[in-house]
Amino acid sequence: MDRTQVIAKIQSILKLQENTTFDGEASAAAAMIDKLCKQYNVSVSEATETQVLDEEFLSFKKTNVALTTIANAIAKFYDAMAYLKNVTDSKSLQVIGSEAQQIQVRLYYDYLVQVMEKEAELAHKAEKVLCNLTGGTVSRSFKLNFRKAFADMVAYRLRELKKEENRVHDDAEAVSNKLSTMRFGRAKKMNGARGEGAFAGSNVGAGVSLNRQATGSVTKQLCGV
């Protein structure tokens, strides 16, 4: 087990120890915690702290501006952090955040990307129909421009929503402490959306619901902080 796995195991045993009504089970849990702490040089206080993970979120050979913009905006919305990491022959988009933040970012990202792809396809088909009627041709970059404009608008709306609701995630301080020990290079500014498809993408991004990330038991988690 690596250090993160050990801490997760200790946290699980601590929960068991707190919830059990049997003295023998509590004693066994305490002994197991003590053993793990000594074996892996982990303190109980460290194990009870929020663990901040640096997880690969996306990987690509060439940066996908729309996907990166959406992921970065959602990470900021939940007080996590996304950054690009260069690896051999490819790049990865990493997200730094607690387990709760990682889940929230992933679920919200999947929802918005699903909407973006569906609407990009619909807009492209509509543009084809219009071009057939007018004798024009659809730009090869229509969908690309649509996605980038959609992502830009969604990112803008998330920034405004966070300010409006004064959102601060429960794990924001833990992430801030983690980031204070790390160094990052200067982020490269990405080109904004322009050209055919951008207007349609921006309109859809302006209208997409930011409160319907999912249904059922995860809705409260996604909307919460």
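The values are calculated or read from the model by the stated rules, or taken from the named source; none is laboratory data. Owing to the predicted nature of the structure, the values given are computational and were not obtained by experimental measurement. Note: ideal-geometry Cβ built from the backbone for every residue, glycine included; neighbour counts use all protein chains shown. Side chains are part of the model used for accessible areas, which takes the heavy atoms of the whole protein and leaves out ligands, DNA and RNA. Shrake-Rupley method; radii C 1.70, N 1.55, O 1.52, S 1.80 Å.
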Could you list, ordered by first residue, the pairs with Cβ atoms under 7 Å in which the first is in region 12-29 and at pLDDT 85 or above and in a helix (DSSP H, G or I) and the second is open to solvent by 50 Å² or more (accessible area, probe 1.4 Å) and among the basic types (K, R), at least 6 apart or interchain? none
Pair list, Cβ under 8 Å, 6 or more apart: region 109-132 residue at negative phi, other residue among the charged types (D, E, K, R) and open to solvent by 70 Å² or more (accessible area, probe 1.4 Å): Y111/R212; E127/E196
Of the residues in region 100-140 that are under 29 Å from F199 (Cα atoms) and among the β-branched types (V, I, T), the one that is most open to solvent (accessible area, probe 1.4 Å) is T137
So if I check each of E160, E127, E165, E117, which one is among the acidic types (D, E) and more than 27 Å from A75 (Cα to Cα)? E127
All but one of (1) at pLDDT 85 or above; (2) open to solvent by less than 60 Å² (accessible area, probe 1.4 Å) hold for Q39; which doesn't? (2)
Just for region 59-99: of the residues that are of a type in the set (D, E, K, R) and either part of a strand (DSSP E or B) or closer than 24 Å to E173 by Cα (or both), which one is least open to solvent (accessible area, probe 1.4 Å)? D79
Need the failing condition index for V138 against (1) touching a residue at least 60 places away in the same chain (Cβ under 8 Å); (2) in contact with a Lys or Arg (Cβ under 7 Å, 6 or more places away or on another chain), just the number. (1)
Among the residues of region 15-36, which ones are open to solvent by 70 Å² or more (accessible area, probe 1.4 Å) and closer than 23 Å to D2 by Cβ? K15, L16, M32, D34, K35
